[in-house]
1. Skip the ligands, DNA and RNA, and give the accessible area per residue of the range 185-244 with a 1.4 Å probe, whole Å².
2. Quick one: accessible area per residue over the range 316-387, 1.4 Å probe, rounded to a whole number of Å²?
3. Where the centroid of each part is defined by its Cα atoms, how far is the range 346-374 from the range 492-566 in Å?
4. Label points 7 Å out from Cα along the Cβ direction at Ala320 and Lys157: separation in nm?
5. Summarise the accessible area of the range 411-465 (1.4 Å probe, protein heavy atoms) by the percent that is carbon and sulfur.
6. Could you rank Tyr551, Tyr122 by how accessible they are, 1.4 Å probe, largest area first?
7. Using θ = phi - 60° and the Karplus relation 6.51 cos²θ - 1.76 cosθ + 1.60, list the HN-Hα couplings for the range 434-451 in order, rounded to whole Hz, with x at every Gly or Pro.
8. Is the range 486-566 rounded, prolate or oblate when judged by the Cα gyration tensor, a ≥ b ≥ c being the square roots of its eigenvalues, rounded requiring a/c under 1.5 and prolate requiring a/b larger than b/c?
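The values are calculated or read from the model by the stated rules, or taken from the named source; none is laboratory data. This one's a predicted model, so the numbers in the text were calculated from it and none came from an experiment. A quick note on method: Cβ atoms are made from the backbone with ideal geometry, for glycine too, and the neighbour counts reach across all protein chains shown. Note: areas computed on protein heavy atoms with side chains; ligands, DNA, RNA excluded. Shrake-Rupley method; radii C 1.70, N 1.55, O 1.52, S 1.80 Å.
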Amino acid sequence: MSKENKGLDRSLIKRLLDADCEDPLANTDQLTSQAIPHDVDRRNFLIRSAVGGAAAVMMGSSVSAQERTAKALATMPQQATGRSTAIPPPTGKTGPPPPLDKDLNVVKKGQGPVMTTADEFYKVGPGPSSSHTIGPMRITYDFYQRATKLPADKLAKATKLQVNLFGSLSATGKGHGTERAALAGLVGKEPATVDPKFLDSLRDKPDQTFPVKLGDKSIDVSLKDVIYDATKGDFKHPNTMTVKLLAGNDVLLEQEYYSVGGGFIEWKGYTPPKKNAPKYPFRLMKELRAHADRDKISIAKVILANEMSIAGRSEEEVYAFIDKIINAMVATVKSGLSMPEDDVLPGPIKLHSKAATVYKRALDDKYAADKGIGALSAFALAASEENGRGHLVITAPTGGSAGVMPALVYGLLEVRKLDRQKIRDGMLAALAVGYLCKHHATLSAAEGGCQAEIGVASSMAAALTATAYDAESRVVENAAESALEHHLGMTCDPVAGYVQVPCIERCAFGAVKAWTAYAIASNEIASRHRVDFDATVMALAETAKDMNSKYKETSEAGLALSVTLC
Ligand code: SF4
């Protein structure tokens with residue numbers, strides 16, 4: 001993803017970050033050349049560039065980036081450069097072209113302020129994957145709504161509805177139940193209200209047919225109408241699908257859709273809905289914190305004000321929605337913990353549920369810290385196993401990561417008994433983290449691997465925890481940064497295409513890492529934290545771009561390859 005099409009403006013972030021540095025040698029960006037020529041010894045070049053830059057700063061002079069590069073190259077031994085000219089051409093980025101089409105809104109969005117709202121972000125729906133179940137169900141439901149608006153004479157000719165799944169949706173859709181979710185949307189079911197038993201019945205009796213009413217016409221649909229199509233091709237997004245209404249071989253209506261992560265959907269020609277201006281416009285954590293610190297309010301209050309201004313909602317309405325999500329998260333943990341200890345999750349892995357066992361045994365641990373870590377892990381396992389069962393979960397930010405945030409919400413609200421308002425504030429601060437990751441990087445494993453799911457979830461949970469404990473904005477940022485930083489590079493390789501291994505335990509690790517990030521951030525000297533959140537989001541976006549596509553929810557590599565099921 002280049003600067004033009006992926007939103008994250010490195011130079012803008014660098015300029016904003018540099019403005020804070022008072023120590024002339026503190027900012028190494030000013031000392032070294034950032035553009036490293038591609039055909040030189042990287043370490044040698046950086047050392048020479050830094051020495052030259054530091055000497056200039058200490059002598060009170062300044063040198064341009066080009067001069068620093070030229071000087072570093074001029075002093076390098078010949079064999080380290082592999083060439084004789086001093087100033088390199090601009091290197092730019094090498095490697096494969098960006099995988100995403102630049103027309104997608106999910107690509108263009110990073111240019112303006114964050115405009116996402118809570119009800120778009122936290123979605124209730126059936127597991128196991130927001131991009132492979134909630135997104136496709138929303139897509140076919142959307143198509144069904146469009147089809148009902150066709151003129152009566154067109155509808156009278158309709159004979160068939162057909163869904164084609166491409167890319168990652170086709171590669172791992174069977175393990176996610178994508179065909180069942182797509183069929184459910186076609187027959188008018190919505191993610192937040194669908195009864196998971198309906199989806200289970202499709203799994204247990206796959207030959208069922210359902211009548212779809214379109215005007216005076218009724219068309220029978222079944223799982224056979226959902227086709228697992230090409231897994232590789234020149235798609236605008238890895239999660240592409242088409243839906244058609246046919247009259248014999250003639251197409252009456254066709255739409256190409258994209259499930260872009262976290263249950264968000266777009267389609268060919270999509271334009272985002274018009275929204276009001278945010279009270280506190282921001283596109284970086286740095287800007288968000290500046291609003292908070294200037295007005296002496298918390299990050300949570302900045303987000304609350306924006307939710308009210310962008311969506312035109314009252315404070316009560318925003319909190320009512322947040323309460324609904326908190327309650328749903330608590331319910332998923334409770335439901336998961338209440339499952340029998342010998343329950344086996346659906347699918348070929350035959351994975352035994354372990355949440356209740358881990359919880360019970362953790363309570364018997366001798367040391368309080370062991371008890372805490374064990375119980376927190378059990379809460380995450382419980383919600384994540386619910387996702388594996390295809391039961392209702394909450395995208396925070398996705399289905400695969402749906403155990404992380406609920407674990408912290410449950411622990412803080414039900415175990416530590418923190419005031420509900422603290423949890424509400426934490427949920428709002430967590431939104432800020434999720435919004436920024438979505439804005440500049442991705443929430444889609446098909447686009448960025450597991451770092452975009454569990455990594456973002458853990459970062460959100462760290463911000464939630466720090467906020468719930470009244471941490472200042474810098475500590476909230478540091479906690480979120482730390483949790484995200486230590487998930488960078490994490491790949492997505494679900495065994496057999498089922499969101500169970502490594503996903504369920506990974507949620508537990510994400511929850512514990514969130515707590516660790518909070519523990520470090522609240523105990524360190526906040527101003528000495530050297531990595532800022534915006535830089536880590538940039539690293540997330542860049543790592544997503546560089547990651548081998550085999551590790552992006554295709555089940556073609558990693559654990560998906562090495563684990564043998566018998
Ligand atoms: S490995 Fe991570 S990103 Fe991939 S399906 Fe599992 S939880 Fe989601």
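1. Working: 3180 Å² over 60 residues.
Averaged over the residues of the range 185-244, the accessible area is 53 Å².
2. Heavy-atom accessible area per residue stands at 47 Å².
3. 21 Å
4. 4.6 nm
5. Values: 430 of 990 Å².
Carbon with sulfur: 44 percent of the solvent-accessible area.
6. Working: Tyr551 70, Tyr122 5 Å².
From most accessible down to least: Tyr551, Tyr122.
7. Calculated HN-Hα couplings, in order: x, 4, 5, 5, 5, 5, 10, 10, 7, 10, 9, 5, 5, 9, x, x, 6, 4 Hz.
8. Values: a/c = 4.27, a/b = 1.76, b/c = 2.43.
Taking the square roots of the gyration eigenvalues as a ≥ b ≥ c, the range 486-566 is oblate.
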